[in-house]
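Here is the structure we will look at.
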Amino acid sequence: MGIFLGDDWHVTPAGGATGEAYIAQQGDQKLFLKRNSSPFLAVLSAEGIVPKLLWTKRLESGDVITAQRWVNGRELKSYEMNGTNVAQLLGKIHRSSELLDMFKRIGNSPLTPNIIIENLQKKLSSLQSYDEVLEHGLIYLFKKKDKVDHPKFVVCHNDVNHNNWILSESGELYLIDWDGATVADPALDLGLLLYLYIPELQWDSWLNQYGITLSNDLQLRMHWYVVSQTIFIILWHMQRNEQNEVDRWVKYLVELLKDNTL
């Protein structure tokens, strides 16, 4: 990383799951560098969704390095996810035609309920593991899949965990880490966020700030996507032999499947 920046830059790993992010510092100047980041980072930057993109360089290896303005700030706390700023920023993202057009241009097809079920079945088959609760979850997803077909697709972040929301010292809110983004029903993001962070009695008011009203149809779609994401999480921990996490998420899935109203 330091080769093209110059010897006077100090580059250190920024952590994260991929190991592809770095912090570069020269005196008081600080940059956030990433190797092969999201191809629509420029659009995200232009719309103020992520910190400003400063430059992009292609290495001889073919890798692309991006540099963003360093933001002094912090991750949101769990209880801050019910803030108006979170609802409004997610609404802005989901309504962005520029983001959607860019995502379609790079050849991404929508993540539909059928594709999600196929992916889950392949994953479960590869693990060669049978679990009665997971089987019930897949049966639920299959039975309801035609009822959750939604004609309007948007760009979904697909990991709206509170750790990915950055609040700057000057009060600007950003949603970072777009590597897993996909085109899908907005209920994919909404379900995960509301189920994890927002008390159900506050869903109406939160969604009003986001820009829509709560309906039975939206409730069903959110529940469907939360069940599917929970199964993915269980399989992810199974693959890593993390039994305590498997047990915790299986228990959560049991509670989700008890809701006979959806």
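The values are calculated or read from the model by the stated rules, or taken from the named source; none is laboratory data. Computed from a predicted structure; not experimentally measured. We place every Cβ from the backbone using ideal geometry, glycine too, and count neighbours over all the protein chains shown. Surface areas here come from the heavy atoms of the whole protein model, side chains and all, with no ligands, DNA or RNA. Shrake-Rupley method; radii C 1.70, N 1.55, O 1.52, S 1.80 Å.
Observations on the model:
- With respect to the conditions (1) at pLDDT 95 or above; (2) closer than 25 Å to Glu118 by Cα; (3) surrounded by fewer than 18 Cβ atoms within 10 Å (Cβ to Cβ), Arg240 falls short on a single one, namely (1).
- Pick from segment 75-108, criterion open to solvent by less than 50 Å² (accessible area, probe 1.4 Å) and β-branched (Val, Ile, Thr), ranking: nearest to the chain's Cα centre (by Cα): Ile93
- Filter pass, Thr56 being over 21 Å from Leu235 (Cβ atoms) and of a type in the set (Val, Ile, Thr): yes
- Scanning segment 128-145 for residues that are under 24 Å from the mean Cα position of the chain (by Cα) and either open to solvent by 50 Å² or more (accessible area, probe 1.4 Å) or among the aliphatic types (A, V, I, L, M) (or both) turns up Leu134, Leu138, Leu141, Phe142.
- Residue among Ser215, Ser205 that alone is hydroxyl-bearing (Ser, Thr, Tyr), modelled with pLDDT of 95 or more and exposed (fewer than 13 other Cβ atoms within 10 Å of the Cβ): Ser215
- Identity of the residue in segment 37-69, open to solvent by 60 Å² or more (accessible area, probe 1.4 Å) and at pLDDT below 80, that ends up nearest to the chain's Cα centre (by Cα): Pro39
- Identity of the residue in segment 146-165, in a helix (DSSP H, G or I) and of a type in the set (D, E, K, R), that ends up most open to solvent (accessible area, probe 1.4 Å): Lys147
- One residue from Leu235, Leu256 being closer than 11 Å to Val133 by Cβ and part of a helix (DSSP H, G or I): Leu256
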